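K.L.:
Below: one structure in structure tokens.
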């Protein structure tokens, strides 16, 4: 399998939103109910265009097909696409704040092949190059085992209430950058 990491561009957004929906539907079964999955796609999971503007969101392509997407952020938002934010997203201070791992999704056809780990390692390296010494993320239940395997530690668990009455569990996690 030939893999290539490249920055995501605005023209990728329709394909990324399809990949995100496919990923959530395919990999969240058994962790969340169907209603939670559909609600989370509608209200939380999607592309955060601020990451594209900042140049910190990436895709992994396999033979020209987008297999995964994800990024890191130097901004305060911990998770969620454009539909989840209503205020400006202030910059973090690398001397005092942790960078964020954001919006990681792997297409089910490419799951459990090391692609997510590859992208996280790439993002951690980029965050470190930008002066950050630690990183945080908001993990979903199906993502938590990967992050634990990569050395992330849980800080807290929360139930995020969605506008339609559904809720979804999110685990705040962190790790130091070496």
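Nothing in this text is a laboratory measurement; each read-out follows from the coordinates by a stated rule. All values reported here derive from a predicted model rather than from experimental measurement. Positions of Cβ are generated from backbone atoms using ideal geometry, with glycine treated the same way; all protein chains shown enter the neighbour counts.
K.L.:
Top mean-square fluctuation among 11, 22, 89, Gaussian network model of the chain, C-alpha springs under 10 Å?
P.N.:
Highest fluctuation of the listed residues: 11.
K.L.:
Would you indicate which of (i) 47, 36, 30; (ii) 40, 37, 31; (iii) 94, 49, 32 is the value of Cα extents along the principal axes in Å derived from the coordinates of this structure?
P.N.:
Read-out taken from this structure: (ii).
K.L.:
Another one. In percent, what relative contact order does the range 96-171 have, based on Cα pairs under 8 Å that are 6 or more apart in sequence?
P.N.:
Working: 63 pairs, mean separation 23.4, N = 76.
Once divided by the residue count of the range 96-171, the mean separation gives 31 percent.
K.L.:
Let me ask something else about it. May I ask you to sort 173, 118 by Cβ crowding, counting other Cβ atoms within 10 Å and putting the fewest first?
P.N.:
On the way: 173 23, 118 14.
So the residues, fewest neighbours to most, are 118, 173.
K.L.:
What list do you get for 115, 101 if you sort them by fewest beta carbons within 10 Å?
P.N.:
On the way: 115 21, 101 29.
Ranked by crowding around the Cβ, least crowded first: 115, 101.
K.L.:
Rounded to the nearest 500 deg cm²/dmol, what is the calculated helix-only ellipticity per residue at 222 nm for the chain, with -39500 (n - 2.57) per DSSP H run of length n ≥ 4?
P.N.:
About -8500 deg cm²/dmol.
K.L.:
Tell me, what is the FRET efficiency for residue 22 and residue 54 to the nearest 0.05, using R0 = 25 angstrom and their Cβ-Cβ distance as r?
P.N.:
Efficiency at R0 = 25 Å is approximately 0.50.
K.L.:
Let's test the formula: R0 of 25 Å, r as the Cβ-Cβ distance of residue 33 and residue 63. What FRET efficiency results, to the nearest 0.05? Let's see the in-between values first.
P.N.:
On the way: r = 34 Å, r/R0 = 1.38.
Once rounded, the FRET efficiency stands at 0.15.
K.L.:
Given a cut-off of under 8 Å on Cα pairs at least six residues apart, what relative contact order in percent is computed for the chain?
P.N.:
After rounding, I find 22 percent.
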